[in-house]
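Visitor: Here's a structure for you.
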Amino acid sequence: MTTFLGLPGRTAPAARCDCRRCPWYSGDDADPAVVIAPVCSGCNSDCSYCGCANAACTSCPIRCGSRIDIEAWMVDIGDTVEFDDVTITGSLPPHLPTFIPQVDGSGVAELDAALSWPAYAVGLRRLFSPRTHTIFPRWADGGTAAEILRLPSTTLTVLSGYGEDPLVEAFWTARHRDRLIERIADLRFDLVLAPNYSIYGNWPRAEHLINMRRSLLLAADFADAGVPTVPNLYWFRLEDLRRYARWIADSPPPAIAINLQTVRENNHWESWALPGLYWLAENIPPQLPVIATGLSRPNRVATLVELFGPRLVLISQNPAQYALHGAVMTAEGRQDLHARVPDAFATSVRYMASLLPQPVLGGA
């Protein structure tokens, strides 16, 4: 077993991705004296970091067994990469629509005046500064999310906790130091999609395992603070999906979220997203809601509707982005009409909603 800090039972990934000394390796040649949680079938053959011998690695964004501070990272995630100890309780808010437009947080009342939509989402970077790594004053000066956005109290507000890697990494670092979870809970969002941590194909397997656990841990932190929260699922291998399915069966969350904002190219969609989505559709409970972000192409939306039916919720920034240029989304594609922003926004939101089943989700 790989130990550190002189404390037995604490584990860390093996340096230089040496599977024979890794406590999570599940291969046939695994050493039973080392393995304590066989959750990984071995190294990532596409990894660009395996064998790295750079000793000055505390500034490296990659977590692997060769890092000189890997001990601190393992302590931070609870000394394990398993999911069994993570529980995310709660329920979805009542009357959640199947399409939720994501806005930038400015002029939302004006947008809603032409629409009266039941829910809006805002992204993490509209609330948590990518420059100062603190909550923006607008959100820190008191009031609920609905009040700050100048929406009716009956309108649902959703925090879409996704962002670029530097932003979500900064959020992880500051989450306890600055009481971020508690301060966001005070905003009384009706739903939070927990931040997710990336899994890239050229990263070491240890980074994948650590990031999958971090995504679930953050969701659990929000849920423990009393915020209705949905965890994001990222995966790299079939074994990852199987682990999620076992975890969901044992400790069902209120829903699962899948961030597809970075899946733009068809080869990535077809090689990673689609196989995983098909597998999930077959292997998670049939009534478990699925919240997807980042889709706008009608053919891809239709695929998700086919897979998940009326339990699907879609969140998209496209109506707001198109509206800024007076453009609308239609079945024929983008149309530049030079329309008023609120009118263009309303047209695109209604179009996106028309692609989805109409029942609302959530409690009674």
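The values are calculated or read from the model by the stated rules, or taken from the named source; none is laboratory data. This one's a predicted model, so the numbers in the text were calculated from it and none came from an experiment. For neighbour counting, all protein chains shown are included, and Cβ atoms are generated from backbone atoms with ideal geometry for every residue, glycine included.
Visitor: So, ALA219, is that one buried (at least 24 other Cβ atoms within 10 Å of the Cβ), within 11 Å of the chain's Cα centre (by Cα) and either in the same structural domain as GLY65 (by TED's automatic domain parsing) or not in a loop (DSSP other than H, G, I, E, B) (or both) or not?
Guide: Numbers: buried (at least 24 other Cβ atoms within 10 Å of the Cβ): yes; within 11 Å of the chain's Cα centre (by Cα): yes; either in the same structural domain as GLY65 (by TED's automatic domain parsing) or not in a loop (DSSP other than H, G, I, E, B) (or both): yes.
When the stated conditions are applied, ALA219 passes them.
Visitor: Which of the following residues is over 14 Å from ALA14 (Cβ atoms), at pLDDT 90 or above and not polar (S, T, N, Q): ILE68, ILE77?
Guide: Values: ILE68 fails: at pLDDT 90 or above.
ILE77 is the lone residue from the list that is over 14 Å from ALA14 (Cβ atoms), at pLDDT 90 or above and not polar (S, T, N, Q).
Visitor: Among the residues of segment 252-305 satisfying the criterion of being among the basic types (Lys, Arg) and assigned to a loop (DSSP other than H, G, I, E, B), which is surrounded by the fewest Cβ atoms within 10 Å (Cβ to Cβ)? Spell out how you get there, then give the answer.
Guide: Step one: filter segment 252-305 for residues among the basic types (Lys, Arg), giving 264, 297, 300.
So of that shortlist, the ones also assigned to a loop (DSSP other than H, G, I, E, B) come out as 264, 297.
Details: ARG264: 10, ARG297: 12.
Across segment 252-305, the extreme among qualifying residues is ARG264.
Visitor: If you scan segment 106-124, which residues turn out to be crowded, with 20+ Cβ neighbours inside 10 Å and touching a residue at least 40 places away in the same chain (Cβ under 8 Å)? Show your work before the answer.
Guide: Applying the first criterion (crowded, with 20+ Cβ neighbours inside 10 Å) to segment 106-124 yields 108, 111-112, 117, 119-124.
Result: VAL108, LEU111, ASP112, TRP117, ALA119, ALA121, GLY123, LEU124.
Visitor: A further question on this structure: Looking at segment 188-205 only, could you name the residues that are assigned to a loop (DSSP other than H, G, I, E, B) and β-branched (Val, Ile, Thr)? Let's see the steps before the verdict.
Guide: Going residue by residue through segment 188-205, those that are assigned to a loop (DSSP other than H, G, I, E, B) are 188-190, 194-204.
Hit for segment 188-205 is ILE199, nothing else.
Visitor: Keeping to segment 126-147, report how many residues are in contact with a helix residue (DSSP H, G or I) (Cβ under 8 Å, 6 or more places away or on another chain), surrounded by fewer than 19 Cβ atoms within 10 Å (Cβ to Cβ) and in a helix (DSSP H, G or I).
Guide: 2
Visitor: If only one of ALA109, ALA140, ALA145 is modelled with pLDDT under 95, more than 17 Å from TYR322 (Cα to Cα) and of a type in the set (A, V, I, L, M), which one is it? Explain how you work it out, then say what you get.
Guide: Numbers: ALA109 fails: modelled with pLDDT under 95; ALA145 fails: modelled with pLDDT under 95.
Step by step, each of ALA109, ALA140, ALA145 is checked, and only ALA140 is modelled with pLDDT under 95, more than 17 Å from TYR322 (Cα to Cα) and of a type in the set (A, V, I, L, M).
Visitor: On the basis of being outside the structural domain of ASP221 (by TED's automatic domain parsing) and buried (at least 17 other Cβ atoms within 10 Å of the Cβ), does THR80 make the cut? Talk me through it step by step, then tell me what you get.
Guide: Details: outside the structural domain of ASP221 (by TED's automatic domain parsing): yes; buried (at least 17 other Cβ atoms within 10 Å of the Cβ): yes.
Taking the combined requirement at face value, the residue satisfies it.
Visitor: Can we say VAL301 is under 30 Å from PRO94 (Cβ atoms) and more than 17 Å from the chain's Cα centre (by Cα)? Spell out how you get there, then give the answer.
Guide: Numbers: under 30 Å from PRO94 (Cβ atoms): yes; more than 17 Å from the chain's Cα centre (by Cα): yes.
Yes, satisfied.
Visitor: Restricting to segment 306-320, name every residue that is within 20 Å of ALA119 (Cα to Cα) and crowded, with 17+ Cβ neighbours inside 10 Å.
Guide: ARG311, LEU312, VAL313, LEU314, ILE315, SER316, GLN317, ASN318, PRO319, ALA320 - these are the residues of segment 306-320 that are within 20 Å of ALA119 (Cα to Cα) and crowded, with 17+ Cβ neighbours inside 10 Å.
Visitor: Return the total of residues in segment 15-31 being assigned to a loop (DSSP other than H, G, I, E, B) and buried (at least 16 other Cβ atoms within 10 Å of the Cβ).
Guide: At the first step, the residues of segment 15-31 found to be assigned to a loop (DSSP other than H, G, I, E, B) are 18, 22-24, 26-31.
In the following step, the residues that additionally are buried (at least 16 other Cβ atoms within 10 Å of the Cβ) were identified as 18, 22-24, 30.
Looking only at that region, the number is 5.
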